[in-house]
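See structure below.
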Amino acid sequence: MTPAAHGFLSPSGVEIAFLLVGLVTFGAALVTVTTKQLVHAALWLVVTLGGLAVEYLLLTAEFIAWVQVLIYLGSVVVLLLFGLMLTKAPIGRSPDADSGNRPVALAVAVVAAVSLVWVVVDAFRTTWIDLDGPAQGSTEVTGHFLFRNWVLPFEALSVLLLAALVGAIVLSRKRATAAKNGLSGSGTENGRSGKEQR
């Protein structure tokens with residue numbers, strides 16, 4: 001007897017896990033962009049990026065999964081949290097975080113998603129993967145593409161992250177200086193009013 005052919009109605013355990021993790025990741029991404037608490041948004045972003053790392057593992061792209069964990073979870077999210085702390089962003093709900101342009105933002109998001117899906121499908125429609133060669137998620141293949149074709153964007157991203165960190169520090173120092181000047185000014189005015197009363 002020949003085994004039953006694997007098809008859409010008989011998914012494997014990996015495919016079921018991929019679908020469940022994808023749904024959790026999608027839900028976390030929705031909460032990230034809809035919550036009004038900035039710190040909660042950053043923490044839900046951790047869940048979203050962690051879910052993507054799990055998806056990469058299920059696709060047998062171990063190197064990309066660990067890069068996702070080390071760079072995005074270990075650097076980008078930590079940088080965002082440091083920026084929130086250094087700029088003294090409000091912990092609770094922030095009315096300033098909602099501009100009231102949700103329909104426009106939703107329309108832009110839908111157009112961007114459709115365009116991205118169309119570009120990816122059009123680019124890989126006739127692409128065949130060589131199963132006899134090295135795995136597509138291996139260090140060899142990823143390093144070949146990254147350091148031959150994507151060196152400039154990779155370095156530009158590192159400069160962008162450094163600029164964001166420096167900007168957060170500069171903003172926090174300006175606010176601290178303004179607060180000190182305000183306190184010293186109020187102390188001087190209190191001293192003057194006390195002398196005038198005498």
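Please tell me if residue 73 is open to solvent by less than 60 Å² (accessible area, probe 1.4 Å), part of a helix (DSSP H, G or I) and at pLDDT below 80. Considered against the rule, which asks whether it is open to solvent by less than 60 Å² (accessible area, probe 1.4 Å), part of a helix (DSSP H, G or I) and at pLDDT below 80, residue 73 comes out as no.
When residue 56 is tested against the conditions (1) of a type outside the set (Lys, Arg); (2) open to solvent by less than 40 Å² (accessible area, probe 1.4 Å); (3) modelled with pLDDT of 80 or more, the lone failure is (2).
Checked against the criterion of being modelled with pLDDT of 65 or more and within 22 Å of the chain's Cα centre (by Cα), the stretch 119-139 has at least one qualifying residue. As a summary of the residue check, residue 39 satisfies the conditions (1) among the aliphatic types (A, V, I, L, M); (2) farther than 29 Å from residue 106 by Cβ; (3) surrounded by fewer than 19 Cβ atoms within 10 Å (Cβ to Cβ) except for the one numbered (2).
The values are calculated or read from the model by the stated rules, or taken from the named source; none is laboratory data. Nothing here was measured: the structure is a model prediction, and the numbers come from that model. Cβ: placed from backbone, ideal geometry, glycine included. Neighbour counts: every protein chain shown. The area values use the complete protein model at the heavy-atom level, side chains included, leaving out ligands, DNA and RNA. Shrake-Rupley method; radii C 1.70, N 1.55, O 1.52, S 1.80 Å.
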